[in-house]
Structure formats: C-alpha cells, structure tokens
1. If Ser121 passes every condition in (1) over 15 Å from the mean Cα position of the chain (by Cα); (2) modelled with pLDDT of 80 or more; (3) farther than 11 Å from Ser70 by Cβ but one, which one does it miss?
2. At pLDDT below 95, of a type in the set (Lys, Arg), under 18 Å from Ala76 (Cα atoms) and surrounded by fewer than 23 Cβ atoms within 10 Å (Cβ to Cβ): does that describe Lys114?
3. In the list Leu241, Leu269, Leu248, which residue meets the criterion of being within 25 Å of Ala291 (Cβ to Cβ), in contact with an Asp or Glu (Cβ under 8 Å, 6 or more places away or on another chain) and not charged (D, E, K, R)?
4. For Val196, indicate whether it is surrounded by fewer than 23 Cβ atoms within 10 Å (Cβ to Cβ) and under 30 Å from Pro247 (Cβ atoms).
5. In region 218-265, how many residues are under 25 Å from His200 (Cβ atoms), among the charged types (D, E, K, R) and either touching a residue at least 12 places away in the same chain (Cβ under 8 Å) or loosely packed, with under 14 Cβ neighbours inside 10 Å (or both)?
6. Name the residue, out of Ala154, Ala162, Ala167, that is at pLDDT below 95 and either assigned by TED's automatic domain parsing to the domain that holds Leu231 or under 17 Å from Leu192 (Cβ atoms) (or both).
7. Quick one: count up the residues across region 50-77 that are farther than 20 Å from Met156 by Cβ and part of a strand (DSSP E or B).
8. How many residues are assigned to a loop (DSSP other than H, G, I, E, B) and under 16 Å from Arg228 (Cβ atoms) when one looks only at region 166-180?
Amino acid sequence: MIVGAGQPRVKTSLDPSFIGLKKGREDKGPAEEMNGKNIMKLNTDKIIAQKEDCIGWIIFNNPSKRNAVSLEIWEALGVILRDFDQDDHIRVVVLRGAGEKAFVSGADISEFEKKRNSATSRELYEKKAALGTDMLYQFNKPVIAMIQGFCIGAGMAIALGADIRFATSDSKFGIPAARLGLGYGYKGTKALSDLVGPSHAKDILFTARFLDADEALRIGLINRIVSRNELEPMVREYVELIANNAPLTVKSAKAAVRETKNDSHDRDLVKIAQMVDECFESRDYAEGRRAFMEKREPMFTGK
C-alpha cells in the first residue's frame, strides 16, 4: 500500500475499456473507443497518448498485429515524449500495449520490403525511427513499462528504454534479430548489456530464443511479475507513489543514475551537482520540511 493511501494526492482513473482491454476485443484498439479526455492529436491512430492527472499514458495501438511498431509509430512516439517532457504537469509516463496479447511484438516487418530493403532506405528508416528511440532513452522523467504478453524485438528496445518494467506471468521476451538476418545496433545492445550483464545479453542475442517471465526476472530484465488481474492496479499504485514525490528530486535521481553508466571521464558531475543544489533551493524542499514537522503529506509542485 502507498503511505497515506487513504487520501492519495494523485489518483489515476483511465477507463480500461478505452485501451482495448475488454475481453473479446483483442482485434480492436482504443481508437474505436475515444471516450477518454486529454487525448493528443497525432498523425496516426496506431499509438495513443493520454494525459491523466500527472500521468502520461502511451498505448501502442496496433492489436491486429500484436502492436507491431511501424515507422509512423516510431515518429509519433518522439512527438508524444517531447510533449510529455515539456509539460511540467506530467510527472511519470506509462507505456503499454492495447489488447491482451502483446506489449509490442516487434517491428512491423511487412514494411521492410519497401522501407528497409537497401542501405539508403535502411538509413532513412533508422533515422526516422531514432526520433522515437532517442527521445525515450534520453527522457528526463520516470518511465514505467507495463508488459502483458509478447515483448519482442522492437518491444524489447522500447522496454529497455523504460526505468522500471512490470510484467504478467505469461509474458515472453526476446530479440529475434539473428533469425531475420538483421543487425542489432549499439544503443539497444548497450541498454540490454547494462541491464542484464554481457553474458545474458549475448545469450539473448546469439540464440534469439524467447525468455519466460521467471527467467526475465531472474536475470534482472524485469522488476516484478504479477498476474494479469493485478498488473494495472499495481502499476497505478506504483505511479501514484512516484507522482506524489518531489519532481526535482526524482528528476535528479534519474539523471545521476544515468551518469553512472557513462565512462568516468564522460560523466557530467557538475550538472548533477547543480540539480542537487536546485533541490535544496526549491520551494518543494521547504514544503517537505514543513509537512514533516506538521505530520501531514507534502504537496509538491516541482518548483
């Protein structure tokens, strides 16, 4: 339970039917059920973004292809994350897939014959796709991956860009690049190796096999396994914990952890020190002290 959960300051209320979670609707996506509010206007309906209180929801909405990621989805992902990053009201982002079968099952391979069939087209494809992946890997706010079902290929790349990964017990993980003859780039390889270690990363890449949730948890690929019924309530409770904390502190913590992965001579410790100073000089620090003395929950503003 959340400390002070009797009167939570942030409460999420996204309608499950909006994200295509009703049983028997695996072939339909949230674009057909646009009853939610604060929906971003995008150039595609294959990815949906909703702002709900302090939470930014990103739903991969291509359930007929198990949420396979097309080029237009990669591009829209960058647009969404840029907006969420610039919106001071958004404190944490959740990634999820529409339907019940997959988080993201991979890239939309049906596009490859036309959009990734030569060195020139591949370079253009990867440049456009990087609009999404670069923004995800450099994002300054906490990102939670809510994984149900297949998390394969591009789905792994997206999940690796999250800070925390929760998954259902029936989820599957893998990078089948070796089965397709694809090259797997440095950024994704480094993210995988940083998370699970070089030996496990090589195992995943060399064999192209699928891992079940138990193995994924054991090697550190995911943070927690829950049942399908428990996944959404648990994620909501977790993001409320984050959203109710001091945003400047959370942001500086993420930045500091990110710097630890850089070589010692490349670490921007001056930047981290400045961010820590900003925390101590903030109104939120004063509010935190007052709330402690007054034995109440603090009301942080990110200022």
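The values are calculated or read from the model by the stated rules, or taken from the named source; none is laboratory data. None of these values were measured; they are calculated from a predicted model. Every residue, glycine among them, receives a Cβ derived from its backbone with ideal geometry; neighbour counts consider all protein chains shown.
1. (2)
2. So Lys114 fails the test.
3. Leu248
4. Criteria met by Val196.
5. The total comes to 6.
6. That would be Ala154, the only listed residue that is at pLDDT below 95 and either assigned by TED's automatic domain parsing to the domain that holds Leu231 or under 17 Å from Leu192 (Cβ atoms) (or both).
7. Summing the residues that are farther than 20 Å from Met156 by Cβ and part of a strand (DSSP E or B) in region 50-77 gives 6.
8. The number of residues fulfilling the criteria is 3.
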